[in-house]
Amino acid sequence: MRNEYQKSSALQEQEGSTSNGVKTSSCLGHVPPRREDVLEAATFGAMLALERRRAQRSRQPFVLVLLDASEIEKERRGAAFGEQLTAVVSGAIRESDIIGWYRQNEVLAVIFTEISASGECAISDVLYTKICKALRENLEFGVASKLVISVHLFPESGDRDRTHRVVDSKLYPDISGKPTKRKSSMILKRGMDIVGSMALLIILSPVLAAIAAAIKLTSKGPVIFKQDRLGQYGKSFACLKFRTMFVDNDPKIHREYVQNFIAGTVKEGEPSETESVVYKIKDDPRITPVGRMLRRMSLDELPQFWNVMHNEMSLVGPRPPLPYEFEAYDLWHRRRVLEVKPGVTGLWQVMGRSRTSFDEMVRMDLRYCQRWSLWLDLKILLATPLAVFKGSGAY
(Lines give C-alpha, C1' and ligand atoms only; values in the text may rest on other atoms or scores of the structure.)
Protein backbone atom coordinates (compact mmCIF):
# COMPACT_ATOMS: atom_id res chain seq x y z
CA MET A 1 0.00 0.00 0.00
CA ARG A 2 1.21 3.51 -0.74
CA ASN A 3 1.53 5.68 2.34
CA GLU A 4 0.48 9.27 2.81
CA TYR A 5 3.79 10.69 1.61
CA GLN A 6 3.77 8.63 -1.60
CA LYS A 7 0.26 9.84 -2.38
CA SER A 8 1.35 13.43 -1.84
CA SER A 9 4.34 12.88 -4.13
CA ALA A 10 2.10 11.53 -6.87
CA LEU A 11 -0.08 14.64 -6.73
CA GLN A 12 3.00 16.85 -6.98
CA GLU A 13 4.20 14.99 -10.07
CA GLN A 14 0.80 15.43 -11.73
CA GLU A 15 0.97 19.17 -11.07
CA GLY A 16 4.38 19.25 -12.76
CA SER A 17 2.87 19.43 -16.30
CA THR A 18 2.47 22.80 -17.92
CA SER A 19 -0.66 23.98 -19.71
CA ASN A 20 0.90 23.37 -23.16
CA GLY A 21 1.47 19.69 -22.33
CA VAL A 22 5.21 19.88 -21.84
CA LYS A 23 6.09 17.82 -18.74
CA THR A 24 8.42 19.48 -16.26
CA SER A 25 9.97 18.06 -13.13
CA SER A 26 8.05 18.40 -9.90
CA CYS A 27 10.52 20.91 -8.52
CA LEU A 28 9.92 23.27 -11.45
CA GLY A 29 6.20 23.10 -10.76
CA HIS A 30 6.74 25.08 -7.55
CA VAL A 31 7.74 28.66 -7.03
CA PRO A 32 11.39 28.69 -5.92
CA PRO A 33 11.60 29.54 -2.23
CA ARG A 34 12.66 32.93 -1.00
CA ARG A 35 16.07 32.87 0.65
CA GLU A 36 14.49 33.71 4.01
CA ASP A 37 12.22 30.64 3.74
CA VAL A 38 15.23 28.37 4.21
CA LEU A 39 16.14 28.16 7.89
CA GLU A 40 19.55 29.18 9.12
CA ALA A 41 21.67 26.48 10.75
CA ALA A 42 20.94 27.54 14.34
CA THR A 43 17.20 27.74 13.73
CA PHE A 44 17.13 24.44 11.87
CA GLY A 45 19.00 22.75 14.73
CA ALA A 46 16.39 24.02 17.16
CA MET A 47 13.59 22.76 14.90
CA LEU A 48 15.26 19.36 14.69
CA ALA A 49 15.40 19.18 18.50
CA LEU A 50 11.70 20.10 18.69
CA GLU A 51 10.86 17.44 16.10
CA ARG A 52 12.74 14.83 18.13
CA ARG A 53 10.72 15.70 21.23
CA ARG A 54 7.48 15.60 19.25
CA ALA A 55 8.36 12.18 17.83
CA GLN A 56 9.20 10.91 21.32
CA ARG A 57 5.74 11.88 22.54
CA SER A 58 3.74 10.80 19.50
CA ARG A 59 5.85 7.74 18.60
CA GLN A 60 5.55 8.93 14.99
CA PRO A 61 8.89 8.76 13.15
CA PHE A 62 10.46 11.35 10.89
CA VAL A 63 13.25 11.24 8.32
CA LEU A 64 16.20 13.61 8.11
CA VAL A 65 17.87 13.92 4.69
CA LEU A 66 21.25 15.66 4.47
CA LEU A 67 22.75 16.96 1.22
CA ASP A 68 26.44 17.69 1.68
CA ALA A 69 27.53 20.27 -0.88
CA SER A 70 30.80 21.23 0.79
CA GLU A 71 32.92 20.09 -2.17
CA ILE A 72 30.80 22.09 -4.60
CA GLU A 73 30.87 25.16 -2.38
CA LYS A 74 34.66 25.05 -2.42
CA GLU A 75 34.60 25.24 -6.22
CA ARG A 76 31.80 27.75 -6.69
CA ARG A 77 32.39 30.04 -3.68
CA GLY A 78 29.11 31.88 -3.75
CA ALA A 79 25.48 31.86 -2.73
CA ALA A 80 24.21 31.18 -6.24
CA PHE A 81 24.55 27.42 -6.02
CA GLY A 82 23.06 27.37 -2.52
CA GLU A 83 19.99 29.19 -3.81
CA GLN A 84 19.73 26.85 -6.79
CA LEU A 85 20.03 23.79 -4.56
CA THR A 86 17.38 25.00 -2.11
CA ALA A 87 15.04 25.78 -5.01
CA VAL A 88 15.42 22.27 -6.45
CA VAL A 89 14.99 20.50 -3.11
CA SER A 90 12.10 22.71 -1.99
CA GLY A 91 10.22 21.80 -5.13
CA ALA A 92 10.52 18.10 -4.32
CA ILE A 93 9.09 18.26 -0.79
CA ARG A 94 5.74 19.04 0.81
CA GLU A 95 4.83 22.29 2.52
CA SER A 96 4.73 20.48 5.88
CA ASP A 97 8.36 19.41 5.57
CA ILE A 98 11.12 21.57 7.06
CA ILE A 99 14.11 22.74 5.00
CA GLY A 100 17.17 24.52 6.28
CA TRP A 101 20.95 24.48 6.63
CA TYR A 102 22.32 21.69 8.80
CA ARG A 103 25.76 23.29 8.39
CA GLN A 104 25.48 26.80 7.03
CA ASN A 105 25.97 27.01 3.24
CA GLU A 106 27.56 23.54 3.16
CA VAL A 107 25.02 20.90 4.21
CA LEU A 108 21.35 21.39 3.29
CA ALA A 109 18.82 19.40 5.30
CA VAL A 110 15.17 18.42 5.10
CA ILE A 111 13.01 17.02 7.90
CA PHE A 112 10.23 14.90 6.42
CA THR A 113 7.48 14.99 9.03
CA GLU A 114 4.25 13.07 9.53
CA ILE A 115 5.37 9.96 7.70
CA SER A 116 3.72 6.60 8.07
CA ALA A 117 4.86 4.62 11.13
CA SER A 118 4.86 1.38 9.13
CA GLY A 119 7.54 0.46 6.63
CA GLU A 120 10.08 3.07 7.72
CA CYS A 121 12.85 1.53 5.59
CA ALA A 122 10.62 1.72 2.50
CA ILE A 123 9.73 5.38 3.05
CA SER A 124 13.41 6.23 3.53
CA ASP A 125 14.12 4.68 0.13
CA VAL A 126 11.21 6.59 -1.42
CA LEU A 127 12.48 9.92 -0.08
CA TYR A 128 16.06 9.23 -1.13
CA THR A 129 14.94 8.31 -4.65
CA LYS A 130 12.72 11.39 -4.92
CA ILE A 131 15.51 13.78 -3.92
CA CYS A 132 17.99 12.11 -6.28
CA LYS A 133 15.51 12.34 -9.15
CA ALA A 134 14.95 16.06 -8.59
CA LEU A 135 18.70 16.69 -8.50
CA ARG A 136 19.35 14.72 -11.69
CA GLU A 137 16.61 16.54 -13.59
CA ASN A 138 17.61 20.04 -12.54
CA LEU A 139 21.38 20.04 -12.00
CA GLU A 140 24.28 19.27 -14.25
CA PHE A 141 25.45 15.67 -13.92
CA GLY A 142 28.93 16.67 -12.80
CA VAL A 143 27.49 18.88 -10.08
CA ALA A 144 24.80 16.46 -8.87
CA SER A 145 27.32 13.61 -8.64
CA LYS A 146 29.42 15.57 -6.14
CA LEU A 147 26.54 15.92 -3.69
CA VAL A 148 26.70 13.44 -0.80
CA ILE A 149 23.19 12.44 0.28
CA SER A 150 22.43 10.57 3.51
CA VAL A 151 19.13 9.50 5.06
CA HIS A 152 18.58 9.28 8.83
CA LEU A 153 15.49 7.80 10.49
CA PHE A 154 14.27 8.80 13.95
CA PRO A 155 13.86 6.83 16.11
CA GLU A 156 16.81 4.69 15.15
CA SER A 157 16.15 1.00 14.67
CA GLY A 158 18.89 -0.03 17.12
CA ASP A 159 20.72 -2.09 14.50
CA ARG A 160 24.46 -1.43 14.48
CA ASP A 161 26.05 -0.09 11.35
CA ARG A 162 29.58 -0.66 10.14
CA THR A 163 31.03 1.56 12.89
CA HIS A 164 29.15 -0.47 15.54
CA ARG A 165 27.06 2.49 16.63
CA VAL A 166 23.45 2.20 17.69
CA VAL A 167 22.78 5.94 17.96
CA ASP A 168 22.94 8.20 14.92
CA SER A 169 24.77 11.37 15.99
CA LYS A 170 23.53 13.21 12.86
CA LEU A 171 20.11 13.36 14.49
CA TYR A 172 21.59 15.21 17.49
CA PRO A 173 23.64 18.16 16.16
CA ASP A 174 22.68 20.21 19.22
CA ILE A 175 24.36 17.60 21.41
CA SER A 176 27.25 16.41 19.25
CA GLY A 177 28.34 20.01 18.67
CA LYS A 178 28.61 20.90 22.34
CA PRO A 179 32.16 19.68 23.01
CA THR A 180 33.56 22.06 20.40
CA LYS A 181 32.18 24.99 22.41
CA ARG A 182 34.17 23.95 25.50
CA LYS A 183 37.17 22.40 23.84
CA SER A 184 39.67 23.62 26.43
CA SER A 185 37.64 22.14 29.30
CA MET A 186 37.31 18.81 27.48
CA ILE A 187 41.08 18.72 26.93
CA LEU A 188 41.58 19.28 30.66
CA LYS A 189 39.05 16.53 31.41
CA ARG A 190 40.94 14.12 29.15
CA GLY A 191 44.20 15.10 30.80
CA MET A 192 42.69 14.45 34.21
CA ASP A 193 41.48 11.05 32.97
CA ILE A 194 44.94 10.03 31.77
CA VAL A 195 46.88 11.26 34.82
CA GLY A 196 44.27 10.02 37.29
CA SER A 197 43.86 6.53 35.83
CA MET A 198 47.61 6.05 35.40
CA ALA A 199 48.29 7.14 38.99
CA LEU A 200 45.57 4.89 40.36
CA LEU A 201 46.82 1.87 38.39
CA ILE A 202 50.31 2.39 39.81
CA ILE A 203 49.20 3.06 43.40
CA LEU A 204 46.72 0.20 43.44
CA SER A 205 48.98 -2.31 41.66
CA PRO A 206 49.49 -4.39 44.86
CA VAL A 207 45.71 -4.50 45.35
CA LEU A 208 45.18 -5.49 41.72
CA ALA A 209 47.70 -8.31 42.06
CA ALA A 210 46.07 -9.57 45.27
CA ILE A 211 42.60 -9.54 43.70
CA ALA A 212 43.89 -11.39 40.62
CA ALA A 213 45.45 -14.07 42.83
CA ALA A 214 42.28 -14.46 44.90
CA ILE A 215 40.13 -14.92 41.79
CA LYS A 216 42.54 -17.40 40.23
CA LEU A 217 42.86 -19.52 43.38
CA THR A 218 39.16 -19.73 44.23
CA SER A 219 37.42 -20.39 40.92
CA LYS A 220 38.10 -21.59 37.41
CA GLY A 221 38.26 -19.13 34.57
CA PRO A 222 40.07 -15.94 33.51
CA VAL A 223 40.86 -13.17 35.97
CA ILE A 224 39.63 -10.39 33.68
CA PHE A 225 36.12 -10.44 32.28
CA LYS A 226 35.51 -8.59 29.00
CA GLN A 227 31.96 -7.41 28.45
CA ASP A 228 30.48 -5.68 25.41
CA ARG A 229 29.24 -2.23 26.47
CA LEU A 230 28.01 0.84 24.61
CA GLY A 231 30.02 4.04 24.83
CA GLN A 232 29.29 7.52 23.56
CA TYR A 233 26.90 7.50 20.58
CA GLY A 234 26.42 3.78 21.18
CA LYS A 235 29.90 2.81 19.98
CA SER A 236 30.71 -0.68 21.19
CA PHE A 237 33.80 -1.38 23.30
CA ALA A 238 35.09 -4.17 25.54
CA CYS A 239 34.59 -3.07 29.15
CA LEU A 240 37.10 -4.68 31.52
CA LYS A 241 36.19 -5.99 34.96
CA PHE A 242 37.53 -8.51 37.42
CA ARG A 243 35.55 -11.72 36.99
CA THR A 244 33.01 -12.05 39.80
CA MET A 245 30.89 -14.89 38.42
CA PHE A 246 31.33 -18.56 37.74
CA VAL A 247 32.24 -19.33 34.14
CA ASP A 248 29.59 -20.52 31.70
CA ASN A 249 26.80 -18.83 33.68
CA ASP A 250 23.46 -18.06 32.07
CA PRO A 251 23.09 -14.29 31.39
CA LYS A 252 19.37 -14.76 30.78
CA ILE A 253 18.63 -14.11 34.47
CA HIS A 254 20.09 -10.61 34.34
CA ARG A 255 18.82 -9.85 30.83
CA GLU A 256 15.21 -10.59 31.68
CA TYR A 257 15.34 -8.76 34.99
CA VAL A 258 16.91 -5.62 33.53
CA GLN A 259 14.60 -5.45 30.53
CA ASN A 260 11.55 -5.92 32.75
CA PHE A 261 12.81 -3.33 35.21
CA ILE A 262 13.45 -0.69 32.53
CA ALA A 263 10.04 -1.42 30.97
CA GLY A 264 8.39 -1.10 34.40
CA THR A 265 7.07 -4.65 34.33
CA VAL A 266 9.01 -6.22 37.20
CA LYS A 267 6.67 -8.73 38.77
CA GLU A 268 5.85 -8.57 42.43
CA GLY A 269 8.14 -10.72 44.52
CA GLU A 270 11.10 -10.72 42.11
CA PRO A 271 14.54 -10.28 43.68
CA SER A 272 15.33 -6.82 45.02
CA GLU A 273 12.08 -5.29 43.89
CA THR A 274 11.29 -3.79 47.30
CA GLU A 275 14.72 -2.14 47.39
CA SER A 276 14.47 -0.72 43.86
CA VAL A 277 17.78 -2.27 42.82
CA VAL A 278 18.75 -1.48 39.24
CA TYR A 279 20.86 -3.95 37.23
CA LYS A 280 22.10 -5.75 40.35
CA ILE A 281 20.21 -8.84 41.53
CA LYS A 282 20.50 -9.52 45.24
CA ASP A 283 21.69 -13.06 46.11
CA ASP A 284 22.59 -13.72 42.46
CA PRO A 285 23.55 -17.44 42.33
CA ARG A 286 26.04 -16.81 39.53
CA ILE A 287 28.41 -14.77 41.74
CA THR A 288 31.41 -16.38 43.43
CA PRO A 289 32.19 -15.73 47.14
CA VAL A 290 35.21 -13.61 46.20
CA GLY A 291 33.18 -11.89 43.54
CA ARG A 292 30.51 -10.94 46.07
CA MET A 293 33.13 -9.18 48.18
CA LEU A 294 34.59 -7.42 45.16
CA ARG A 295 31.18 -6.18 44.09
CA ARG A 296 30.35 -4.97 47.59
CA MET A 297 33.42 -2.70 47.50
CA SER A 298 33.25 -2.02 43.72
CA LEU A 299 36.77 -3.43 43.36
CA ASP A 300 35.67 -5.45 40.34
CA GLU A 301 35.58 -2.21 38.34
CA LEU A 302 39.24 -1.25 38.87
CA PRO A 303 40.36 -2.67 35.47
CA GLN A 304 38.16 -0.04 33.82
CA PHE A 305 41.02 2.41 34.34
CA TRP A 306 42.54 0.67 31.29
CA ASN A 307 39.40 1.63 29.36
CA VAL A 308 39.96 5.21 30.49
CA MET A 309 43.56 5.08 29.27
CA HIS A 310 42.30 3.84 25.87
CA ASN A 311 39.84 6.78 25.67
CA GLU A 312 36.82 4.46 25.73
CA MET A 313 35.67 5.73 29.12
CA SER A 314 36.22 8.66 31.44
CA LEU A 315 36.81 8.73 35.19
CA VAL A 316 33.40 10.38 35.60
CA GLY A 317 30.37 9.89 33.39
CA PRO A 318 27.19 7.86 32.87
CA ARG A 319 27.29 4.11 33.41
CA PRO A 320 27.96 2.30 30.06
CA PRO A 321 24.90 0.16 29.24
CA LEU A 322 24.83 -3.39 27.97
CA PRO A 323 23.43 -3.84 24.43
CA TYR A 324 20.33 -5.63 25.69
CA GLU A 325 19.73 -2.84 28.21
CA PHE A 326 19.81 -0.31 25.39
CA GLU A 327 17.24 -2.34 23.45
CA ALA A 328 14.79 -1.81 26.32
CA TYR A 329 15.40 1.95 26.52
CA ASP A 330 12.57 4.37 25.93
CA LEU A 331 13.37 7.09 23.39
CA TRP A 332 14.22 9.70 26.00
CA HIS A 333 16.56 7.28 27.80
CA ARG A 334 18.88 7.16 24.79
CA ARG A 335 20.16 10.67 25.38
CA ARG A 336 22.28 9.39 28.30
CA VAL A 337 24.67 7.69 25.85
CA LEU A 338 25.07 10.77 23.65
CA GLU A 339 26.58 13.75 25.38
CA VAL A 340 29.70 12.41 27.13
CA LYS A 341 31.79 9.25 27.37
CA PRO A 342 30.72 6.71 30.01
CA GLY A 343 32.50 6.82 33.35
CA VAL A 344 33.96 4.55 36.01
CA THR A 345 31.97 6.55 38.54
CA GLY A 346 29.17 9.07 38.18
CA LEU A 347 26.52 11.18 39.82
CA TRP A 348 24.05 8.35 40.35
CA GLN A 349 26.72 6.06 41.82
CA VAL A 350 27.58 8.54 44.59
CA MET A 351 24.00 9.75 45.19
CA GLY A 352 21.86 6.66 44.83
CA ARG A 353 24.06 3.84 43.59
CA SER A 354 22.00 0.74 42.73
CA ARG A 355 19.12 1.66 45.02
CA THR A 356 17.75 4.39 42.78
CA SER A 357 15.07 3.73 40.16
CA PHE A 358 16.04 3.48 36.51
CA ASP A 359 14.25 6.65 35.39
CA GLU A 360 15.85 8.58 38.24
CA MET A 361 19.25 7.20 37.28
CA VAL A 362 18.75 8.48 33.72
CA ARG A 363 17.67 11.89 35.04
CA MET A 364 20.84 12.04 37.16
CA ASP A 365 22.97 11.22 34.12
CA LEU A 366 21.23 13.91 32.07
CA ARG A 367 21.61 16.39 34.92
CA TYR A 368 25.33 15.63 34.99
CA CYS A 369 25.64 16.16 31.22
CA GLN A 370 23.78 19.46 31.36
CA ARG A 371 25.70 20.84 34.35
CA TRP A 372 29.06 19.30 33.58
CA SER A 373 32.20 21.09 34.76
CA LEU A 374 35.64 20.08 35.96
CA TRP A 375 34.64 21.10 39.46
CA LEU A 376 31.62 18.77 39.33
CA ASP A 377 33.91 15.91 38.22
CA LEU A 378 36.23 16.61 41.15
CA LYS A 379 33.34 16.62 43.62
CA ILE A 380 32.06 13.29 42.29
CA LEU A 381 35.54 11.76 42.44
CA LEU A 382 35.99 12.94 46.03
CA ALA A 383 32.57 11.55 47.00
CA THR A 384 33.17 8.14 45.38
CA PRO A 385 35.37 6.58 48.14
CA LEU A 386 32.71 7.27 50.77
CA ALA A 387 29.98 5.75 48.56
CA VAL A 388 32.18 2.68 48.00
CA PHE A 389 32.94 2.39 51.72
CA LYS A 390 29.24 2.47 52.64
CA GLY A 391 28.53 -0.18 50.00
CA SER A 392 24.85 0.76 49.95
CA GLY A 393 23.02 -0.86 47.05
CA ALA A 394 26.03 -2.87 45.85
CA TYR A 395 25.50 -6.59 45.16
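The values are calculated or read from the model by the stated rules, or taken from the named source; none is laboratory data. Every value quoted in this text rests on a predicted model; they were computed, and no experiment measured them. All Cβ positions, glycine included, derive from the backbone under ideal geometry; neighbour counts span all protein chains shown. Ligands, DNA and RNA are stripped out before the accessible areas are found, and what is left, the full protein with its side chains, is counted by its heavy atoms. Shrake-Rupley method; radii C 1.70, N 1.55, O 1.52, S 1.80 Å.
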Hey, can you grab everything whose amide H is under 5 Å from the amide H of I224? Only 5+ residues off in sequence or another chain; H modelled, so Pro and N-termini drop out. R243
With a 10 Å radius around each residue's Cβ, average the other Cβ atoms per peptide and rank 243-252, 229-238, 199-208, highest first. 229-238, 243-252, 199-208
For R292 and Q370, extending 7 Å from Cα along the Cα-Cβ vector and measuring point to point gives, in nm, a value of 4.1 nm
Sorting check: for 187-197, 140-150, which peptide has the highest mean count of neighbouring beta carbons within 10 Å, and how do the rest follow? 187-197, 140-150
Theoretical gain in end-to-end length, E40 to I202 [0.36 nm per residue, Cα-Cα removed]: 53.2 nm
Segment L188-M47, extension gain: residue separation times 0.36 nm, minus the distance between their alpha carbons: 47.5 nm
Return the sequence-ordered ³J(HN,Hα) values of the range 53-60 in whole Hz as given by the Karplus equation 6.51 cos²θ - 1.76 cosθ + 1.60 applied to θ = phi - 60°, using x for Gly and Pro. 5, 5, 5, 5, 6, 8, 6, 9
Protection proxy ranking, peptides 333-344, 48-59, average beta carbon neighbours within 10 Å, highest first: 333-344, 48-59
Unsatisfied cross-links (Cα-Cα over 19 Å) in the set K183/K341; K189/K390; K235/K379; K241/K390; K220/K241; K146/K235: K189/K390; K235/K379; K241/K390; K146/K235
Environment charge of T218, counting only residues whose C-beta is closer than 13 Å and scoring Lys/Arg +1, Asp/Glu -1: +4
Would you list L374, L382 from the most to the least accessible area, probe 1.4 Å? L382, L374
